[in-house]
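Undergrad: Handing you a structure now.
None of the figures in this text is laboratory data; all of them are computed from the coordinates on show. This is a predicted model, so every value here is computed, not measured. Using ideal geometry, Cβ is built from the backbone for each residue, glycine included, and neighbour counts are taken over all protein chains shown.
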Amino acid sequence: MKTEFLGTGTSFGVPFIGCSCPVCSSRNPKDKRLRSSILIYGEKGERILVDCGPEFRIQALRAGITGVDAVLITHPHADHIFGLDDLRIFSKKKSIPVYSNKETIEDLKIKFSYVITGAQPGTTQPNFNFISIDSPLEIGTVKLIPVPLLHGKIKNTGWRWENTAYLTDCNFIPETSFELLKGVKTLIIDSIRITPHPHPTHYCMPESLPAIIRINPEKVWYTHLGHDSSRKQIKEWVRQQKKEHPKLRNICINPAWDGLIIPE
């Protein structure tokens with residue numbers, strides 16, 4: 001199995017529109033961050049998309065994506081769902097299942113009501129099967145566990161498959177979800193910025209550290225990154241934290257970047 005980061009940026013993307021800050025002006029391609037999304041590749045070629053933001057078309061062309069077998073949605077914010085219409089190219093022959101928690105599925109049915117009511121003759125639209133789920137599921141050879149999270153007041157869904165977990169857009173992990181994360185070796189976690197003042201709906205990097213220490217993975221990849229810090233600054237911050245927190249020293253922590261592919 002492998003996982004590809006299609007995007008690692010916050011809801012604005014990086015660079016922000018109209019911003020000339022050092023990060024938005026950076027020439028390092030790893031500081032360019034499209035809206036957050038990943039693609040999980042199963043052992044038998046399964047392609048499972050987690051979130052589908054407004055830049056999915058660009059991400060798909062860059063990654064050479066030729067099909068999607070299922071979609072997992074974390075929550076119904078625009079930067080995570082407004083590329084779903086681009087999946088119509090992949091759903092001509094059969095419907096694509098779209099999984100999430102009950103609240104998110106109900107929201108998707110409203111935002112994409114035209115998918116349910118039917119297309120006008122001569123036009124195309126996505127062919128989706130919206131499925132509410134709160135228990136493990138299997139997509140081909142890939143076994144997935146939904147992990148309840150909170151994104152401020154919004155019920156969000158993280159996902160675990162084998163020894164990897166994807167927890168984007170969250171600032172609280174319930175106790176029962178920590179149980180679901182036992183044994184995770186690769187943790188992909190939301191962390192919008194280095195600055196320590198709390199964000200109302202996202203982990204900042206200092207706030208993510210207790211969760212990282214508790215889960216105790218081998219590797220951590222930060223995602224949903226804003227324009228407050230460059231890749232270089234984040235890596236330096238991590239080095240300093242390891243000096244102060246002995247429990248972090250054996251954990252490899254890095255900011256993810258668009259196009260990164262990690263093995264299971």
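Undergrad: For Lys143, which sequence-distant residues (separation of 5 or more, or a different chain) have an amide H within less than 5 Å of its own amide H, given hydrogens modelled in the peptide plane?
TA: Excluding prolines and chain starts, which carry no amide H, the hits are Glu162.
Undergrad: Relative contact order, percent, of the stretch 61-150 when contacts are C-alpha pairs under 8 Å separated by at least 6 residues?
TA: 29 percent
Undergrad: For a 27 Å ceiling on Cα separation, which of these pairs sit above it: Lys30/Lys185; Lys143/Lys243; Lys185/Lys247; Lys185/Lys235; Lys2/Lys182; Lys30/Lys109?
TA: Lys143/Lys243; Lys30/Lys109
Undergrad: Against the longest principal axis of the chain, how steep is helix 231-244, in degrees 0 to 90 to the nearest 10, with axes from Cα atoms?
TA: The two axes meet at around 50 degrees.
Undergrad: Relative contact order for the chain: what is it in percent, counting Cα pairs under 8 Å that are at least 6 residues apart?
TA: On the way: 580 pairs, mean separation 52.2, N = 264.
RCO, the chain: 20 percent.
Undergrad: Go through Leu108, Leu72, Asn28 and say which Cα lies farthest out towards the positive end of the charge dipole of the stretch 1-119; charges sit on Cβ, +1 for Lys and Arg, -1 for Asp and Glu.
TA: Asn28
Undergrad: Pick out, from Trp237, Trp257, Pro196, the residue whose Cα sits farthest towards the positive end of the charge dipole of the stretch 181-264, with +1 on the Cβ of Lys and Arg and -1 on the Cβ of Asp and Glu.
TA: Trp237
Undergrad: Using unit Cβ charges (K, R positive; D, E negative) and no other charged atoms, how large, in debye to the nearest 20, is the dipole of the chain about its Cα centre? If you can, show how the numbers build up before the last one.
TA: On the way: 34 positive and 27 negative charges, 136 e Å.
Once rounded to the nearest 20, the dipole reads 660 debye.
Undergrad: Same structure, new question: Helix 205-215 sits at what angle to the longest principal axis of the chain, using alpha carbons and giving 0 to 90 degrees rounded to 10?
TA: 80 degrees
Undergrad: If the chain between Cys19 and Ile131 were fully stretched, how many nm would it gain, using 0.36 nm times the residue separation less the Cα-Cα distance?
TA: 36.4 nm
Undergrad: Apply the a/c threshold of 1.5 to the C-alpha gyration tensor of the stretch 87-168 and tell me whether it is rounded, prolate or oblate. Mind showing how you got there, number by number?
TA: Numbers: a/c = 2.90, a/b = 1.58, b/c = 1.84.
It is oblate, given that a/c is not under 1.5 and a/b is not larger than b/c.
Undergrad: What does the charge dipole of the stretch 147-199 about its Cα centre add up to, to the nearest 20 debye, if the Cβ of each Lys and Arg holds +1 and the Cβ of each Asp and Glu holds -1? Don't skip to the end; give the middle numbers.
TA: Values: 6 positive and 5 negative charges, 12 e Å.
Taking the Cα centre of the stretch 147-199 as origin, the dipole is about 60 debye.
Undergrad: Sorted by average packing, counted as other Cβ atoms within 10 angstrom per residue and highest first, what order do 177-190, 17-30 take? If you can, show how the numbers build up before the last one.
TA: Numbers: 177-190: 18.9, 17-30: 12.0.
Going from most to least packed, we get 177-190, 17-30.
Undergrad: Taking R0 as 41 Å, what's the FRET efficiency between Gln120 and Lys30 from their Cβ-Cβ distance, rounded to 0.05?
TA: After rounding, the FRET efficiency stands at 0.40.
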